[in-house]
Amino acid sequence: MSGAGLTYTRFELRRTVRNRRFFILSLAFPVVLYFLIAGPNHDVNDFANTGISAPLYYMVGLISFGTMSAILSSGARIATERGAGWNRQLRITPLTPRAYFRAKIVTAYLMAGLTILVLYICGATLGVSLPLARWLAMTALILIALIPFAALGIAMGHLLTTDSVGPALGGSVGLLAFLGGTWFPITGGVLHGIAQALPSYWLVQASHVALGGTVWGVTGWLVVAAWTIVLSAFAIWAYQRDTKRV
Amino acid sequence: MEAHTAAGISLSGLSKTFRGPNGPVHAVRDVDVEIEHGETVALLGPNGAGKSTTIDMMLGLLPPDAGTVSLFRCDPHEAIAAGSVGAMLQTGELIRDLSVRELIAMISSLYPAPFTVDHVLEITGLGDVADQRTQKLSGGQTQRVRFAIALAPNPQLLVLDEPTVAMDVEGRQAFWSSMRGLTDGGTTIVFATHYMEEADANADRAILMAHGRIVADGPTTEIKGMVGSRTIRATLPGASVDELRTLPGVASADRHGEAVILNCDDSDAAIRALLQRYPAARDIEISGAGLEQAFLQLTSEPEEVAA
């Protein structure tokens, strides 16, 4: 049975990579944005008095933005498949919900992983270099920080229609990225309090490991764990609600 | 499968009501069906008769308000998890970015004892397009792939909800001829259709549904026998319907303008009597009553408005 689920996952991955428009656009946007923003500042070594080079600063910013939208985009794919009636077809196969979720999550992580890799390469072309330990710590922490977003993507895919999922995902990414401090740090006041309660804030913090930031403290782990639990429950609820309908 | 060891399909007291804009819609009302292993059964009825709702409940896609479904002594979810069921739903597209062969392999991988992909491609006539991406197929080819997906599991029960609805005449014929090859394997087949001739030609048994109820259930030959076996049509101005009705062999008579229509239980006697009594009768046609006729007769009783 688990072997069967793995074959299913393998074909899901193959489909994702073959969907050229989706695949290339998902990866191209962060790259284009990166070169547009960081390119002209490639020789700024002390960005805004942080002691960090501009190419590095923007690289990590775009990694948090790019991975978030890559992983949430599984929602768009799910909504499309539901719209085509494919999920009804799946319900009359022995595919278990667990194997179904696994296929979706693995696919979403493939896109996120590739986004990270491509942006690392882009950063390197603009002279970004970090100690290996820091690359690894950052990457590991980002992958963990993305778990709640994987769940959110699945939930949105099962709640929204093909028409509404696009704006909803775009809006969510924009809002979460802004409040999480992707584009500029959110400091002080109510907004900072709100930001710290959001998973995107900790995703940004994870990428800031590369900037010499520390690995999350207790608050960070708790917030990410809480969102993982809440959004996973939400995703399962959305899936079950969706599969009960005619 | 041994026909007598595996119990077949049993729907008992199935009912489903939907909320509609004008009050409740009784889509399926107290449907009882027993289907034996290896039978090919047509579920016949016009749109809105309750065929698809019945099939959805049979497949566990829709929970019934009342009644039970048993597929080979299991509930639908168990039977599906065990891989005993293959189904082609009425609507649905294919997912893109896989070849026909890959899509069939993907679905087959979920089942314990599927047919080989090559075998499925062969019996569904998809060999020529096996390596094409699903999004490049024509409508008829897409229908065939959907059928292939239903068939690939090598299921004990094959359920097809209006499988030929999007096909042209040629495609429909090809579809049914490929289906006939399968029934030797002892697969139980249930298909919904509103094409009477499909049920007539391809099923052992027909279940007629109207307004959510079963109005007739029996061998297709028996269904046809439930109404006059022949119909005589003729142009015959001036003859009274009441008089025509008294002719030997005539069960009922009707008039549409100058045309008269006689439903006969003995058309040989009726035509002799008709020509003797009314030598002016012309444009005479005698036709066998197909299921269409049986269907109209059996389902035309007025019912309270269902929708």
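Summary table below
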item	result
Distance (nanometres) between label positions extended 7 Å along Cα→Cβ at B:K136 and B:V169	3.2 nm
Chain B: most fluctuating residue of B:A105, B:A199, B:A81 per GNM, C-alpha cutoff 10 Å	B:A81
GNM result for chain A, Cα springs below 10 Å: residue of A:G157, A:G193, A:G75 fluctuating most strongly	A:G193
Positive dipole terminus of chain B, leading residue within B:N154, B:L137, B:S178 (C-beta point charges)	B:L137
Column: log10 I(q)/I(0), Debye, Cα scatterers of chain A, q = 0.08, 0.11 Å⁻¹	-0.32, -0.59
Value in Å of the Kirkwood radius, where segment A:125-236 supplies the Cα pairs that are averaged	15.0 Å
Under 18 Å from the A:H42 label point (7 Å along Cα→beta-carbon), backbone N, segment A:102-125	A:118-125
Equivalent-ellipsoid semi-axes of the protein assembly as shown, from the Cα gyration tensor, Å, largest first	64, 23, 21
Estimated FRET transfer efficiency when R0 is 60 angstrom, pair B:A269-A:L117 (beta carbons, to 0.05)	0.10
Estimated FRET transfer efficiency when R0 is 41 angstrom, pair A:S164-B:E222 (beta carbons, to 0.05)	0.20
Stretchable slack from A:V32 to A:D242, in nm (0.36 nm times residue separation minus alpha-carbon distance)	71.9 nm
Chain A, helix-only ellipticity at 222 nm - DSSP H runs n ≥ 4, -39,500 (n - 2.57), divided by all residues, nearest 500	-25500 deg cm²/dmol
Label-point gap, in nm, between B:A259 and B:S12 - each point 7 angstrom along Cα→Cβ	4.8 nm
Residue mean of other protein chain beta carbons inside 10 Å, A:80-93	6
Gyration tensor (Cα) of segment B:121-250, equivalent ellipsoid semi-axes in angstrom	40, 18, 12
Translational D in µm²/s for segment A:61-169 (Stokes-Einstein at 4 °C, 1.567 mPa s, Kirkwood Rh from C-alpha pairs)	86 µm²/s
Chain B: Cα Rg divided by the 2.2 N^0.38 Å rule of thumb	1.18
Dipole magnitude (debye, nearest 20) for chain A, charges at Cβ of Lys, Arg, Asp, Glu	1220 debye
Nearest-0.05 FRET efficiency for A:T7 and B:T246, computed from C-beta distance (R0 60 Å)	0.25
Net length gained if the chain between B:N22 and B:I286 were fully extended (0.36 nm per residue, minus Cα distance)	90.7 nm
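Only the coordinates and a few stated rules stand behind these numbers; no lab work does. Here the structure is a predicted model, which is why all the values come from computation and not from measurement. Quick reminder, even Gly has a Cβ in these numbers, built from the backbone with ideal geometry, and neighbours come from all protein chains shown.
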